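One structure below.
Every number here is computed from the coordinates shown, using simple stated rules; none is lab data. None of these values were measured; they are calculated from a predicted model. All Cβ positions, glycine included, derive from the backbone under ideal geometry; neighbour counts span all protein chains shown.
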Amino acid sequence: MNDGSAHPDHVLERELSRQLAPVAAPEDLWTRIHEPRRPATRGIPIAWIALPATVVVLVAFAGLYRNAYWKANRAHEPLAELPPASRDFDFRSSDFGAIRKWVKAESNIDIDLPDGSATSASPVLLLGVRLIRFRGSPAAAIEYHVGEGAATLVVSGKQAGLSGNTEVGKHLFSAMKSAGKDHQQLLSWNMRNQNYTIAYSGAKDLGGACLLCHANTRSLITAN
Amino acid sequence: MVVVEQTERELVEACRHGEPDAFRALFERYKDKVYSVALRYSGDPAIAQDISQDTFLKLFSVIGSFRGESGFESWLYRLVVNCCFDQKRGARRLMPLLDEFLGALRTPERNVLDKVLQSERSAQVGSVVASLPPEQRIVIVLRYTQGLSYEEIAGILGCSTGTIGSRLNRAHRVIARRLAHVAGAGRRKA
């Protein structure tokens with residue numbers, strides 16, 4: 001093609017198909033994904049990056065330290081804010097689907113648990129749900145029993161929780177924040193723009209509370 | 001050795017259950033498509049690798065939310081497109097085009113002139129495509145790199161087929177005009 005304006009569309013289309021043809025991905029792409037790491041930008045002297053990077057790292061460390069200090073001092077606060085175990089439900093049901101539907105209709109909060117989550121798992125007994133305000137945001141508090149333990153899952157807007165973790169999947173569990181007070185234990189994480197907090201009163205294993213969502217993935221649970 | 005080919009649905013399901021082998025298999029199946037879109041959109045192999053990396057990391061972290069309401073491939077394309085759009089336009093560099101050109105010069109083949117001409121043409125097209133607005137550029141890439149239909153592109157981008165046709169049409173006109181300009185400049189230089 002020597003002069004694009006003189007060619008009919010199909011010639012241009014043929015040219016584009018040829019020049020924009022698919023290519024093979026580089027061999028090391030999996031390594032980058034498996035061990036996520038950005039290569040240093042080519043063509044820029046390292047010194048140009050080093051100084052600003054050092055400043056950023058120092059500022060980040062200061063921020064992290066401050067954040068960790070803040071969290072450490074606040075870790076137990078939500079325990080007091082979580083609703084006490086109660087039989088006064090706004091909606092009583094042992095069917096998670098029905099609870100989810102009701103909560104969505106009443107509060108527009110979508111409790112997005114993984115498929116196969118658990119409601120049919122024998123140790124989990126759903127009791128019901130209440131609509132509350134949790135750390136200043138509307139929230140749904142689902143109460144359930146796991147064996148001998150009582151648990152409450154609070155799902156609320158983004159601002160309401162403890163941690164800023166946004167990972168999903170098995171990494172979630174290693175990044176969860178937990179705090180213990182007496183026999184109560186707490187997990188909190190962010191997922192899909194909502195904050196999830198579990199308070200669990202079982203004496204043995206905090207992971208038991210996770211059976212609500214992860215009846216089939218217990219081995220993933222590392223927090224205890 | 002018996003190789004059991006997993007269907008796409010089985011692979012996705014296995015990924016949803018966190019099976020590492022399934023992630024790798026899914027990556028192997030789609031890496032070229034993802035990288036091709038990223039490269040043709042960005043015009044830069046380094047940026048394309050960043051986009052591909054972001055896409056697969058995103059894919060692996062949100063695959064649990066894939067409900068199967070649309071096809072998996074369309075869903076994956078949506079992730080790539082979003083990662084492409086997230087890349088800063090200012091980050092685009094034209095040096096790889098020069099690299100490609102010089103690479104062709106270094107190619108130890110007899111018809112090196114053909115290779116150079118082809119490479120130059122490819123660089124011109126890549127450069128013109130890379131200069132398009134993102135919404136036109138992505139349509140061009142999905143159409144000509146992946147060979148998708150108007151309907152498929154419309155589904156991925158969430159707009160009507162009429163919009164896709166209109167964007168393609170505008171992009172064609174711009175590309176034709178700019179390539180003609182480049183060719184004209186080349187002839188004047190010669």
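General observations
- Pairs of Cα atoms nearer than 8 Å and 6+ residues apart set the relative contact order; for region B:131-189 it is 33 percent.
- Fewest-first sequence of A:Leu127, B:Leu39 by Cβ atoms within 10 Å of each Cβ: A:Leu127, B:Leu39
- Under-5 Å amide H pairs with A:Val23, H placed in peptide plane, nonlocal only: B:Ser36
- Taking region B:148-164 and a reference point 7 angstrom along Cα→Cβ of A:Glu13, the backbone N atoms nearer than 12 Å belong to B:148-150.
- Residue order, fewest to most surrounding Cβ atoms within 10 angstrom, among B:Thr163, A:Thr31, B:Thr55: A:Thr31, B:Thr163, B:Thr55
- Stokes-Einstein diffusion for region B:131-189 at 37 °C, viscosity 0.692 mPa s, with a Kirkwood radius from C-alpha pairs, works out to 269 µm²/s.
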